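Please read the structure below before turning to the comments.
Bear in mind these aren't lab numbers, they're just calculated from the coordinates by the rules spelled out. Keep in mind that this is a model prediction, so the values were computed, not measured. No Cβ is skipped: glycine too gets one built from the backbone with ideal geometry, and neighbour counts run over all protein chains shown.
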Amino acid sequence: MTVLSTQPVILASASRTRRLMLEQAGLEIVPEPARVDEEEVKLSLKAAGMKPEEVAEALAELKAARVAARYPGVHVIGADQMLECGGDWFDKPSDRAAAAAQLRRLSGRTHRLISAAVVFHNGVRIWHGTDHATLTMRPLTEDFIERYLDALGDAALESVGGYQLEGLGAQLFTKVTGDFFTILGLPLLPLLGFLRGRGVVPA
């Protein structure tokens, strides 16, 4: 894979999709997943009345901060994504049954995906970006849901909502409004612009 960056960047996330996005954009990525109890944090922040955009940013910051403490002098990216539909928040499904249940709840409805990224350097937050996309899912039959999950396998558990728009997930929707990278989990273009400004990637 072609590398354009002048220095490695730490990704404080276990997301394979985010790592591939950054690597395909020419960055040398070192994955270092943060140890964060996301479910507990989300519950706490929701109880405090925070909006999904604020929660996504807070979780991205928490992840980056946890990892940045161990890597002085290196740029550390934290990221998070929230799915909101009718006031309800969705998480990555824990198993196939949970994925099917999520698809049933989203079927025929419009939802929002909110992606946030935060960059730390020398223990200090130096940048953040948040973006959202709106997706309308067509009405799904039980037969389609089962066939879709059969075809997708464990990959259905890797993304919030149980779908991956870059693949079979395209079959689920009638309308998508917003940035493609945001849907995949990162406000990528603003992030790359910031990193170029820092000299991580030549301008």
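With each run of n ≥ 4 DSSP H residues scored as -39500 (n - 2.57), what mean residue ellipticity at 222 nm is computed for the chain after dividing by its residue count and rounding to the nearest 500 deg cm²/dmol? Write down the numbers at each step before the final one.
On the way: 7 runs with 73 residues, N = 203.
My calculation for the chain gives -10500 deg cm²/dmol from helical runs alone.
Above 24 Å lies some portion of the pair distances; for the stretch 114-203, what is it as a whole percent of all C-alpha pairs?
Details: 1472 of 4005 pairs.
In whole percent, the long-distance tail amounts to 37.
About the Cα centre of the chain, how large is the charge dipole given +1 on each Lys and Arg Cβ and -1 on each Asp and Glu Cβ? Please answer in debye to the nearest 20. Each step should come with its number before you reach the end.
Working: 22 positive and 25 negative charges, 77 e Å.
Dipole size: approximately 380 debye.
Tell me which residues come under 5 Å, amide H to amide H, from W127 once H is placed; ignore anything under 5 positions away on its chain.
Correct list: V119.
Per residue, how much space in cubic angstrom lies within the convex hull of the C-alpha atoms of the stretch 5-73? Present the calculation step by step, with values, prior to reporting the outcome.
Numbers: hull volume 6.6 nm³, N = 69.
Cα convex hull per residue, to the nearest whole number: 95 Å³.
Can you give me the relative contact order of the chain as a percent, contacts being Cα pairs under 8 Å and 6 or more apart?
Details: 406 pairs, mean separation 44.1, N = 203.
RCO, the chain: 22 percent.
What lysines could a cross-link reach from K175, if we take a straight Cα to Cα line under 17 Å and drop same-chain neighbours fewer than 8 places away?
Excluding near neighbours in sequence, the set is empty.
Taking amide hydrogens as modeled 1.01 Å from N in the peptide plane, which residues meet the under 5 Å criterion relative to V201, leaving out close sequence neighbours?
Here T6, R196 satisfy the definition.
Run down the lysines and flag those whose C-alpha is under 29 Å from the C-alpha of K63, throwing out any fewer than 8 positions away in its chain.
Candidates past the 8-residue exclusion: K42, K46, K51, K92.
Multiply the residue gap between T110 and V41 by 0.36 nm, knock off their C-alpha separation, and tell me the result in nm, one decimal place.
Details: separation 69, 0.36 × 69 = 24.84 nm, distance 2.55 nm.
Extending this stretch completely gives an extra 22.3 nm.
Please list, in order, the residues from the stretch 156-177 whose amide nitrogen is less than 16 Å from a point placed 7 Å along the Cα→Cβ vector of D95.
What the label zone holds, given the 16 Å backbone N cut-off, is 156-158.
Of all trypsin sites (Lys or Arg not before Pro) in the stretch 11-54, which ones are in loop regions per DSSP and have a Cβ with at most 15 other Cβ atoms within 10 Å?
On the way: sites: R16, R18, R19, R35, K42, K46; in loops: R35.
Counting only loop positions with at most 15 other Cβ atoms within 10 Å, the trypsin sites (Lys or Arg not before Pro) in the stretch 11-54 are R35.
Among (1) 18.5, 60; (2) 17.1, 52; (3) 21.8, 76, only one was calculated for this model; which label is it, if the read-out is Rg and Dmax of the Cα atoms in Å?
So the calculated entry is the one marked (2).
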